[in-house]
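Undergrad: Have a look at the structure that comes next, please.
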Amino acid sequence: MKQIAIIGPTASGKSDLAITMALQHNAYILSIDSLSIYKEIDIASAKPLKEELKQVKHFGIDEIYLDVHFDVAIFIKLYNKVIKEARRDGKNLIIVGGTSFYLKSLTTGLSELPNYTQGTKDKVAKMLLELPTAYVYLNNIDSLYMEGIQETDAYRIEKMLLLVIESGMSPTAWFKVHPPLATISELSIFNIDVERTLLRERIVQRTHKMASSGLIDEVAMLELKYGRNHNAMKAIGVIEVLEYLDGFVSKEEMIENIITHTTQLAKRQQTFNRTQFKESISAELTELSNLINKVF
């Protein structure tokens, strides 16, 4: 079997290209999208339509409910399950999506982490109440490693606190003893290169379509069912609607905020893809099909 990855900024046409290529090359699709993994987040995640999902077997879409924990380590387990199924069924595999960090984790690997006791979790939860103090604590232990983490990055600070408290080792020392192991050794990666003006136009069109397709009702339902504490409720397309529901902005301002924040996200995605996947093949959407066909 063969496997490839299609990456690119949000609204660049990745999903449509993946479906077209999967139909042509007898492939399953594994989505790497941090929102599409959740059931019930359909409009905010801009996941493929039900009709499109029926055309090709998809994984990584509608896998779990919003209140179920999901992280990159669980994603790697999902990938291992999918690759076994693809091999069993005589299928190729196309990995596609905008959360390129998941793909990077597959190609470079993750380090083994300790099992955290409840005592460690409770202690870290208390430390996180004073985030600046927690950062200083970690910086005093391992200033070199903490150079790559911002003082406001609560997620990564929490991960490092858990590691330090449980293991008694600095992050640098731990990762030296537990180096990452790659899950995929060889993978052709295709990056959609799209001009910024065109990309913004696509983002504007998609945002207005989302708003007219029931985005506000979807977010209201999600808030009523799950509250606001889950990470998915802080995603672009969700948090702006919550601001509208709270009365802080008008509907027009909500839409403009989604467009602005999505455009900023697309820029970050392009930078990440360019710097982290230097061996990838970049081309405009219209040219990429022929380049992918050569691999299969």
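The values are calculated or read from the model by the stated rules, or taken from the named source; none is laboratory data. Model, not experiment: these values are computed from the prediction. Neighbour counts run over all protein chains shown; Cβ positions are idealised from the backbone, glycine included.
Undergrad: Starting from residues that are touching a residue at least 60 places away in the same chain (Cβ under 8 Å) and of a type in the set (S, T, Y), keep the ones in segment 254-276 and report whichever is farthest from A44 (Cα to Cα).
TA: T263
Undergrad: For segment 215-233, check the following and say yes or no: at least one residue is of a type in the set (V, I, T), over 27 Å from K39 (Cβ atoms) and either over 21 Å from the mean Cα position of the chain (by Cα) or in the same structural domain as G8 (by TED's automatic domain parsing) (or both). Give the derivation first.
TA: Step one: of segment 215-233, the residues of a type in the set (V, I, T) are 216, 219.
If we keep only those that are over 27 Å from K39 (Cβ atoms) too, we end up with none.
Checked against the condition, which is being of a type in the set (V, I, T), over 27 Å from K39 (Cβ atoms) and either over 21 Å from the mean Cα position of the chain (by Cα) or in the same structural domain as G8 (by TED's automatic domain parsing) (or both), segment 215-233 yields no hits at all.
Undergrad: Okay, moving on. Name the single residue that is surrounded by the fewest Cβ atoms within 10 Å (Cβ to Cβ) among those in segment 181-210 being assigned to a loop (DSSP other than H, G, I, E, B) and touching an Asp or Glu at 6+ places or on another chain (Cβ under 9 Å). I'd like the intermediate steps shown before the answer.
TA: First, pick out the residues of segment 181-210 that are assigned to a loop (DSSP other than H, G, I, E, B): 182-187, 193-195.
Adding the requirement that they be touching an Asp or Glu at 6+ places or on another chain (Cβ under 9 Å) leaves 193-195.
Working: D193: 18, V194: 19, E195: 9.
The extreme case among them is E195.
Undergrad: Still on this structure, I have one more. Does T262 count as at pLDDT 95 or above, in a helix (DSSP H, G or I), in contact with a helix residue (DSSP H, G or I) (Cβ under 7 Å, 6 or more places away or on another chain) and under 30 Å from Q3 (Cβ atoms)? Step through it out loud before you land on a result.
TA: Values: at pLDDT 95 or above: yes; in a helix (DSSP H, G or I): yes; in contact with a helix residue (DSSP H, G or I) (Cβ under 7 Å, 6 or more places away or on another chain): yes; under 30 Å from Q3 (Cβ atoms): yes.
For T262, the condition - at pLDDT 95 or above, in a helix (DSSP H, G or I), in contact with a helix residue (DSSP H, G or I) (Cβ under 7 Å, 6 or more places away or on another chain) and under 30 Å from Q3 (Cβ atoms) - is met.
Undergrad: Could you list, in sequence order, the residues of segment 219-236 that are within 24 Å of A18 (Cβ to Cβ) and in a helix (DSSP H, G or I)? Let's see the steps before the verdict.
TA: Narrowing segment 219-236 to residues within 24 Å of A18 (Cβ to Cβ): 232, 235-236.
Residue satisfying the conditions is A232 alone.
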